[in-house]
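Step one of this worksheet: look at the structure below.
The values are calculated or read from the model by the stated rules, or taken from the named source; none is laboratory data. Just so we're clear, the structure is a prediction, and the values are computed from it rather than from any experiment. Cβ coordinates were reconstructed from backbone atoms using ideal geometry, including for glycine residues, and neighbour counts include every protein chain displayed. Ligands, DNA and RNA are stripped out before the accessible areas are found, and what is left, the full protein with its side chains, is counted by its heavy atoms. Shrake-Rupley method; radii C 1.70, N 1.55, O 1.52, S 1.80 Å.
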Amino acid sequence: MTFWIASSPHNHIKAATPSLMRFVIMAAIPGVFAQWYFFGWGTIVQIALAILFAVLAEITFLAIRDKNIKSQITDFSAVLTGLLIGISVPSLAPWWITAIGSIFAIGVVKQLYGGLGFNLFNPAMAAYVLLLISFPLQMTSWQPVNSLLVDDISFFNNLWLVLTGYTWEGFSVEQIRMSVDGITMATPLDTLKTDLTLGLTVNESFANPVFGEFIGLGWEWVNIGFLLGGLLLIAKKAIDWVIPASFLGSLLIFSFIAYTISPDSSASTMFHWLSGGTMLGAFFILTDPVSAATTKKGRVLYAALAALLVYLIRKFGGYPDAIAFAVLLCNMAVPLIDQYCRPRTYGHKGVN
Amino acid sequence: MKVAVQNNAKVLALFAIACTALVSVVNWLTKDTIIRQQQQQLLSTLYDVIPAERLNNDLYHDCQVIAGNDYLGGDDEQMAYIARMDNMPVAVAITSAAPDGYNGKIKLIVALNVDGSVSGVRVLKHQETPGLGDKIETRKNDWIYGFNGKTVEAENDLRWAVKKDGGMFDQFTGATITPRAVVKAVKNTALYFNKNKDSILSAQTSTCRDNND
Amino acid sequence: MTERSEYKELSWQGLWKNNPGLVQLLGLCPLLAVTTTLTNAIGLGLATLLVLVCSNATVSAIRNWVPKEVRIPIFVLIIAAFVTCVQLLMNAYTFGLYQSLGIFLPLIVTNCAIIGRAEAYASKNPVKQATFDGLMMGLGFALVLMVLGAVREILGQGTLFDGADLLLGDWASVLRIEIFSFDSKFLLAILPPGAFIAMGFLIAGKNAIDAYIAKKQPKVETDKTIERVRVNFEG
């Protein structure tokens, strides 16, 4: 008589990778919708391009590595990586930016490290950092919010712009990015940073039209969209609630401390929560089960560290947003965090 | 035991002497060439901002030390090299700094004609973002030549700003802080020169390099 | 071992099998920091090569007179003296390159490959072999520098031999090759992370070639090879 002994982890929720990935992709829809509404068809074009190149790269590299292509491509992980890259890339960036990002994410960050489950870094964020430091000019080409544009851009024109750098009528990215008063628009985070360096206070800076009436015209709704999707993921237990809670909570604490010390040069917590990629990072990127810490205590620490880094880089760093840098740095810290937050084995005294 | 220690000490001392001797010989052999190279390097920058045909004095040795001040970007000591034609001053090249670059100080050399107009500007050292802010280098972009011939009229001269702020100088796509800092620094240097023109030009003896070579 | 086969073995070790850059991973700091252009790489490679040959020859020549207890300080003295000489010479004759190499020129002193060869080989072998070993190890290091410099310069700037006049004099500016020009340069290649990534690919490439050769060769005397424990240290 043989006993069947199940080995750990003793998982009770039997969510296989493909269905989990599909669910995460669905949950991104509210945020993507908001991004499309405010920033136009460029977002959709970029997401489609990114997914296309990510899947092609996945097939190619799996073929090179002699792996079973069909079973690995249908787990949708490459599609999710592509989706995240497409969301992060500026809507007016040229197509080759997205292509390089997707191929790097899948080829180098994922497959070279051994494929799904073995990658040390979050592929989408590593690709984003690669693009940001290599092509700073293209990576700032966010289209101003639709309502600040002179003309609306049609889907076809947007596609043409991404593929050739010009719209069908021959307008360049530069011209499109000019707002009504003829000034090239930067993102809210970027504008605030520039203004603070110039000695303006936060309130003076907020008079700029990119901020709209609330936090950052358009950006706040994109973040709220991703927040909604994220809450859905938590409700369905697809992601661990600890990570976003710890991340957003820590960001609240750090921004509150800074605000108390110097209210004129520190933006409010709401600004930090609802601008840049905060919500996308909190719910869709930091929660990546492969590159995040594994224990509960470790995850609290991991997300808090990410929040601290995001705050410090946004405030003092050379680049306006910081989610990607913070995620990569925290990914690097994961083995160490796991080492010290390892649960005690029965009969042993704590961690040696 | 004692003998061994003494022996080791002797060997070490011998090697130290031999190595020092070798280094001193090479130093003695290369000393003059190194000084000449440094002079040439500085002179080629100076001739970049003040064309060589406009002067006939020994530019390298005709210079003044200027105590650091807010016009020249902070507390660091700066230099002024005076170009003369037949003993009449034609232009002055002043080293300066832009304290508010995107990533720390930007060190500049600004040459001003005696009438106050800019003869030329070069960046000596900077740490701006590659690909965005580094267009202030002549290797990357012609932007810095835009200062040539411009004059600062007054402290509140509105034209001395980037176009985004309503001035006459281009900014770079994706980087406004760097050109803004450089424009401000050049303007301040020109203002400093206008205010202290007499004291800089009238000084007869040079106050730099009198004892190092 | 006959003398000829010993030289052959030394070349093989220095250039490929035990390459200081690719296998021993020694001197990574200058290797990654200065290889932004081919010219810089050649400059630092030649400087390191020169120091390595001189220090190996000297260490080997004095190996019988130096007491064991004080050999390390003496090796350091010798290496530091040669580095200072090279530095002064480059300052005098290749001023532009001296400036672009900056702190990494004096830092050759701390390159473990140099003191490593002095201790591991030169202090135990005759002058001729030691000098040859220094030459081969230096060449191996310089070649890795040059490959890395060339790859990064092509990717990052689309050129080769940019600034060669700094090293070789004014005539050399004709060497500059513009391979392709594009508006947006691939800045990652010139930035430090690009150096690590390119280095990783170089090492992977070497391992792939080794694996390919091993696969090609018929399986003979595989059990005869003795695993040697090699301690890698970086400085």
(request) Return the lysines within reach of C:Lys68: Cα separation strictly under 22 angstrom, same-chain partners fewer than 8 residues apart disregarded; answer none if there are no such residues. (result) B:Lys2, B:Lys10, C:Lys124, C:Lys128
(request) Give the Cα extents of chain C along the principal axes, in whole Å, largest first. (result) 56, 49, 29
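Quantify, in whole percent, the carbon and sulfur part of the accessible surface of region B:49-202 (1.4 Å probe; protein heavy atoms only).
On the way: 3130 of 6600 Å².
The nonpolar share, carbon plus sulfur, comes to 47 percent.
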(message) Using a Förster radius of 45 Å, what is the FRET efficiency between B:Ala52 and B:Trp28 based on their Cβ-Cβ separation? Nearest 0.05, please.
(response) 0.90
(message) Per residue of region C:101-116, what does 6.51 cos²θ - 1.76 cosθ + 1.60 with θ = phi - 60° give for ³J(HN,Hα)? Whole Hz please, x for Gly and Pro, Karplus curve as stated.
(response) 7, x, 5, 6, 5, x, 6, 4, 3, 8, 5, 4, 4, 6, 5, x
(message) Quick check: the distance between the Cα centres of region A:29-108 and region B:142-204, to the nearest angstrom?
(response) 46 Å
(request) Compute the Kirkwood hydrodynamic radius of region B:49-202, taking the inverse of the mean of 1/r over all pairs of distinct Cα atoms, and give it in Å to one decimal. (result) 15.6 Å
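Determine, for each peptide in B:62-70, A:306-314, the mean count of other beta carbons within 10 angstrom over its residues, then list the peptides with the highest first.
A:306-314, B:62-70
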(message) Under 5 Å between amide hydrogens, which residues at least 5 positions from B:Ala97 or on another chain qualify, with H placed 1.01 Å from N in the peptide plane?
(response) B:Gly73, B:Leu108
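Order A:112-122, A:42-52 from most to least packed using the mean count of other Cβ atoms within 10 Å.
A:42-52, A:112-122
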(request) Would you calculate the separation in nanometres between label points at B:Met88 and B:Arg36, each defined as 7 Å from the Cα along the Cα-to-beta-carbon direction? (result) 3.5 nm
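For the pair C:Thr110 and A:Lys297, what calculated FRET efficiency results from E = 1/(1 + (r/R0)^6), where r is the Cβ-Cβ distance and R0 = 35 Å, to the nearest 0.05? Numbers along the way, then the final one.
Working: r = 41 Å, r/R0 = 1.16.
So, using R0 = 35 Å, E works out to roughly 0.30.
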(message) On alpha carbon coordinates alone, what is the Rg over Rh value for region B:61-115, Rh being the Kirkwood radius?
(response) 1.05
(request) Between beta-carbons, use under 15 Å as the cut-off and find the net charge around C:Leu38, counting Lys and Arg +1, Asp and Glu -1. (result) -2
(request) Could you work out how far apart the two model spin labels at B:Asp76 and A:Leu163 are, taking each label as a point 7 Å from the Cα in the direction of the beta carbon, and quote it in nm? (result) 5.1 nm
(request) Before rounding to the nearest 500, sum -39500 (n - 2.57) across all DSSP H runs of length at least 4 in chain B and divide by the residue total; then give [θ] at 222 nm in deg cm²/dmol. (result) -13000 deg cm²/dmol
(request) Specify the longest stretch of chain C that does not include any exposed loop site, a site being one of the chymotrypsin sites (Phe, Trp or Tyr not before Pro) with a non-H, G, I, E, B DSSP assignment and at most 16 other Cβ atoms within 10 Å. (result) C:66-179
(message) Starting from the 7 Å offset along Cα-to-Cβ, what nm value, one decimal, do you get for the label separation of A:Ala63 and C:Ala204?
(response) 1.8 nm
(message) If I take the Cα coordinates of region C:82-135 and project them onto the principal axes, what are the three extents in Å, biggest first?
(response) 38, 19, 14
(message) As I understand it, the dipole of region B:49-202 uses +1 on the Cβ of Lys and Arg and -1 on the Cβ of Asp and Glu, about the Cα centre. Which of B:Asn194, B:Leu112, B:Phe169 lies farthest toward its positive end?
(response) B:Phe169
(request) Please give the contour-minus-distance gain from B:Ala67 to B:Ile17: 0.36 nm per residue of separation, less the Cα-Cα distance, rounded to one decimal in nm. (result) 13.8 nm
(message) Could you tell me the calculated FRET efficiency between B:Lys2 and C:Glu119, based on Cβ-Cβ distance and R0 = 30 angstrom, to the nearest 0.05?
(response) 0.60
(message) Is there a quick way to get the dipole size of region B:49-202? I mean about its Cα centre, with the Cβ of Lys and Arg at +1 and of Asp and Glu at -1; what is the value in debye to the nearest 20?
(response) 460 debye
(message) Using Cα springs under 10 Å in a Gaussian network model of chain C, which residue among C:Thr48, C:Thr84, C:Thr131 shows the largest mean-square fluctuation?
(response) C:Thr84
